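Before I ask anything, here is the structure I am working with.
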Amino acid sequence: MLKVVVLVSGGGTNLQALIDAGKCGTITNAQIIGVISNNKNAFALERAKQNNIPAYVVSPKDYDSREIFNDALLNKIDELQPDLIVLAGFLVVIPEQMIQRYRNQIINIHPSLIPSFCGTGFYGLKVHEAALERGVKVVGATVHFVDEGTDTGPIILQKAVEVQPGDTPKTLQKRVMEEAEWKILPKAVDLIANGKVSVKDGLVAIDTAQR
Ligand code: GRF
């Protein structure tokens, strides 16, 4: 059983997609053993509690420096001993020490087709604003392993979503979540939990046999 810890900052709809996928059997061989938020008001914490998942707050506001916060975050994660860490809308820069310690064990969901509209400054609605400004006709989401860069790690899954006439950043954000993020994030966790994902030379291979 893959032990999964989910890191969140906000509404937690991606967390909910993971919880639901576990309940209905879309994800097998995995269990969410904890949810950590940097924001004590995140609704994601409620979702965890409603599903009897231990929820923790580790907020930079409670620590004197970024270094001490980073240590506290890493300590909490080490204590939980996860096999996989899922960043599901976690708006905190991941400490380098954590990336090294959990190499190819941290995944992130990003609301664009990487390498478009990603990197520093591309988060939340900004991603969708930029896509509409550029006039692209297809957007989407990406699940990738986390490395030292911003959105630069090995890509696991991507799903495309068409831009519709009249889309606003908000309508596009919603459709990308519904049609892409909530599907590929659980799917990636299921693939990892069932030993189907390997990384070699910075590229992901997915074993599609018997699935
Ligand atoms: C999602 O769009 C995700 O791709 C981005 O942050 C948002 C999180 O939403 N990184 P939620 O908290 O899962 O509802």
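Roughly how large, in nm² to one decimal, is the mean projection of the convex hull of the alpha-carbon atoms in the range 1-114?
The number I arrive at for the range 1-114 is 7.2 nm².
My understanding is that a pair violates if its Cα-Cα distance is over 31 Å; which of Lys174/Lys200; Lys61/Lys137; Lys40/Lys187 do that in this structure?
Checking Cα-Cα distances, Lys174/Lys200; Lys61/Lys137 exceed 31 Å.
So for the pair Asp20, Gln81, with labels modelled 7 Å out along Cα→Cβ, what separation do we get in nm?
Reported label-point gap for Asp20 and Gln81 is 3.3 nm.
Multiplying the sequence separation of Gln100 and Lys174 by 0.36 nm and subtracting their Cα-Cα distance, what value in nm do you get?
Extending this stretch completely gives an extra 23.3 nm.
Separation between the Lys49 and Ala160 pseudo-spin-labels, each 7 Å from Cα along Cα→Cβ, expressed in nm?
Taking the simple label geometry, Lys49 and Ala160 are separated by 4.3 nm.
Counting just the Cα atoms, what span does the chain cover along each of its three principal axes? Round to the nearest Å and put the largest first.
Computed over the Cα atoms, the extents are 47, 46, 37 Å.
Suppose R0 equals 41 Å; then what is the FRET efficiency for Ser59 and Ala209 from their Cβ-Cβ distance, rounded to the nearest 0.05?
0.40
Every read-out reported here was derived from the displayed coordinates using simple, explicitly stated rules and does not represent laboratory data. Please read all numbers here as calculations on a predicted model, not as lab measurements. We place every Cβ from the backbone using ideal geometry, glycine too, and count neighbours over all the protein chains shown.
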